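Everything below concerns the one structure shown next.
The values are calculated or read from the model by the stated rules, or taken from the named source; none is laboratory data. Values in this document were obtained by computation on a predicted structure and should not be read as measured data. Here the Cβ positions follow ideal geometry from the backbone for every residue, glycine too, while neighbour counts run over all protein chains shown. Calculation scope for accessible area: heavy atoms of the full protein, side chains included, ligands and nucleic acids excluded. Shrake-Rupley method; radii C 1.70, N 1.55, O 1.52, S 1.80 Å.
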Amino acid sequence: MWIVLMHGTVLTFPLLRYYEVVTPSGSLVVSSLKVRAYSLKTGDLEDEIDQPSGRGLFRHFGGEYVKSCRSGALLNPLKMAVDSPLSSQLGPPACERDAKALHFIEETTSHADSVQDRVLTEILIRNSQTEYLTRFKLNGATDRETFKSKLPIITYEDLQPEIHRIANGDRSAILSAHPISEFLTSSGTSAGERKLMPTIKEELDRRRLLYSLLMPVMNLYVPGLERGKGLYFLFVKSETRTPGGLLARPVLTSYYKSDHFKTRPYDPYNVYTSPNEAILCPDSFQSMYAQMLCGLLQRQQVLRVGAVFASGLLRAIRFLQLKWPQLTQDIETGALNPKLTDPSLREYMDKILKPNPELAECVRHECSKDNWEGIIARIWQNTKYLDVIVTGAMAQYIPTLDYYSGGLPLACTMYASSECYFGLNLNPMCKPSQVSYTIMPNMAYFEFLPHEPDSFGFPRDSPPKLVDLVDVEVGKEYELVITTYAGLYRYRVGDILRVTGFHNSAPQFHFVRRKNVLLSIDSDKTDEAELQKAVENASRLLREFNTSVVEYTSYADTRTIPGHYVIYWELLGKDSANSPTDEVLKQCCLAMEESLNSVYRQGRVADNSIGPLEIRVVKNGTFEELMDYAISRGASINQYKVPRCVNFTPIMELLDSRVVSSHFSPASPHWTPERRR
Ligand code: AMP
């Protein structure tokens, strides 16, 4: 590898030293060079090293480890300060690979608008013959104006007929010219079932690309992560086939089962304690057990602990609370719990599990204490941060995570969905309340629907003007609308985002909320209509007691792990001698669960991520008191509506102080991986 260098080039790093590249006898073209390191404080020459080649330019200087930089960056050293990834606003990269990734981020965000142009053109050219684009008479146009004037803004419901046809086996180019490789099952639901998002093979590359940017950014903030491992609790979920034979499964299951993940090359910055055998084990108990055991066995090496969502990490902590006696016994004896029966998992665990009484005692010592505050930092003492999403609905878990981690930093690294991976947090060690995601303009074509909190949709014949990615305004809220390579065109994702600023010309967004979500514990999302229907169904059981539900509200109780839905009911009974018994009210809980959507029921049955639903019956007159309270705080008496979900402490206290009885669902609702329709 030949590099062109100017003799005497000075490369300054925001470190303790600056470096001078010295080429032999001032020649311009070299295959070897010398680098001198000077103290930034004193200007003294501190070190000098010969590099046999331009590749991996900087190695060890004294105790200071300066990672190799991308040799291409040195092609025009005089321009380095402006062009090179080393001078990126983001900071100096940790290694050659990171330099490439940071350079990519800089390039893509600096040219956000032209990248968006290219993405839209690519999508429209390749899919020009699809049934969908032909229907809207795009006639091969690829410019934004024509695209925006001809294609409607749609929701999942609008696409149902096309999705049905694909699911039933129609392989013609309906939405995408590329064959639909599978359906990704979203945690968003339609008519009670997970939405089916068509995807194509190459989307895996786009997902991998976004993942590949996360550690280079993290390495800017947390040095030394290559010296240890990440304890990540990652799981696959069940998959089904559509009538036409396509796989339907969650996006992460699809990713973990892909070669992109399974045969990923070794990367010192991304080594997990969990082996693929554990992550890919379909039995969630065995998977969790093995992942926890591996995490404990390698506890000294663990530098970061994570899961996708905060709720998942807390579930792992709860698992440890329940299973530490067995786990420590396995560690002590070197014999694996016989409940782990998965052959490949056993084979792997048998290889690494050796009797280690000292480690067992150490874990037992911590876990047997009554006080679990800071348990993560106590067991995995070298943990530098927790890697979990705590934005959006997951913000409710921040205090509990702080408790169990002893206040470790929380890093939210990315923002993604089944439809498309959107972007990443370029400042991952910021406070959760300050997290902003930078949308990567290469992932899809993005538009933004100005969000008017009080408006009820828009008329079909005069849709609002959507704003392009680079034109959003700081401080404003928008709903995200995407056009993807897989064949979603001007599709409303349902997320409300607020612009917080820009990185180069790419906007950064605070995740405000998902539209219409009333209750959420894990990946479940229950809206007002679903809750209303559930209450109606359950209250039918009260008819024979001449009792009706006069008012209700709800609350996502995450003080326990797993969290559970609490529904406050005020009842009106006409016959006090025949009021509903505890047994009847328990059946009401179950009836509500039965009518909630399949993601909720899966959380209850398969994932154990949601606890039994609870009805709290409150005294008569409680909801009137609630109204009085709201009015005393300025609500208009004419416009007052009972809130269908509450989480404001004084209101919770008021409600809880009026509870006369509490009832829990006595059994799991029905759920199978098969779709109901
Ligand atoms: P799914 O379709 O099940 O993959 O869920 C995707 C949805 O999860 C997104 O549309 C968001 O509503 C939510 N989500 C994903 N990433 C984040 C994040 N970093 N912060 C908040 N919400 C998120």
Considering every pair of different Cα atoms, what Kirkwood radius, in Å, is found for segment 99-204?
15.8
Per residue of segment 175-192, what does 6.51 cos²θ - 1.76 cosθ + 1.60 with θ = phi - 60° give for ³J(HN,Hα)? Whole Hz please, x for Gly and Pro, Karplus curve as stated.
10, 10, 6, 7, x, 6, 7, 5, 9, 9, 8, 7, 7, x, 10, 9, 6, x
Show me the trypsin sites (Lys or Arg not before Pro) within segment 641-672 that DSSP assigns to loop and that have at most 10 other Cβ atoms within 10 Å of their Cβ.
641
Could you compute how much accessible surface residue 384 exposes when probed at 1.4 Å, giving the result in Å² to the nearest 10?
80
The correct ranking of 119, 512, 550 by accessible area at 1.4 Å, largest first, is 550, 512, 119
If you wrap segment 480-574's Cα atoms in a convex hull and average its projection over all directions, what's the area in nm²?
10.0
With DSSP loop assignment and no more than 13 other C-beta atoms within 10 Å, the chymotrypsin sites (Phe, Trp or Tyr not before Pro) in segment 261-331 are 266
Projected area averaged over all directions for the convex hull of the alpha carbon atoms of segment 518-664, nm², comes out at 8.7
Averaged per residue, the 1.4 Å probe accessible area of the chain, protein heavy atoms only, in Å², is roughly 43
Given the rule -39500 (n - 2.57) for each run of at least 4 DSSP H residues, summed and divided by the residues of the chain, what is its mean residue ellipticity at 222 nm, to the nearest 500 deg cm²/dmol?
-9500 deg cm²/dmol
To one decimal place, what Kirkwood hydrodynamic radius in Å is obtained for the chain from all pairs of distinct Cα atoms?
28.0
Zone of residue 550 (label point 7 Å along Cα→Cβ, backbone N under 12 Å): which residues in segment 572-615?
572-574
Square roots of five times the C-alpha gyration tensor eigenvalues of segment 280-323, ordered largest first and given in whole Å, equal 16, 13, 11
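Stretched out fully, how many nm does the piece from residue 620 to residue 606 gain, at 0.36 nm a residue minus the Cα gap?
That works out to 1.3 nm of additional length.
Of 332, 447, which has the most accessible area and how do the rest follow, probe 1.4 Å?
Values: 332 70, 447 0 Å².
Sorted descending by solvent-accessible area, the residues read 332, 447.
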Whole-number percent relative contact order across segment 518-664, with pairs defined as alpha carbons under 8 Å at least 6 apart:
29
Computed over the chain: longest principal axis from alpha-carbon atoms vs helix 582-595 long axis, angle to nearest 10 degrees, is 50
With all protein chains present, the chain has a carbon and sulfur share of its accessible area (1.4 Å probe) in percent of 52
Expressed as a rounded percentage, what relative contact order does the chain have, with Cα pairs under 8 Å and six or more residues apart?
10
Between segment 359-404 and segment 477-514, the Cα center-to-center distance that results, in Å
32
Compute, for residue 288, the solvent-accessible surface of its heavy atoms (probe 1.4 Å) with the complete set of protein chains present, and express it in square angstrom to the nearest 10.
20
Near-label residues of segment 414-435 by backbone N, under 19 Å of a point 7 Å along Cα→Cβ of residue 209:
414-426
Distance from segment 231-294 to segment 624-674 (C-alpha centre basis), Å:
38
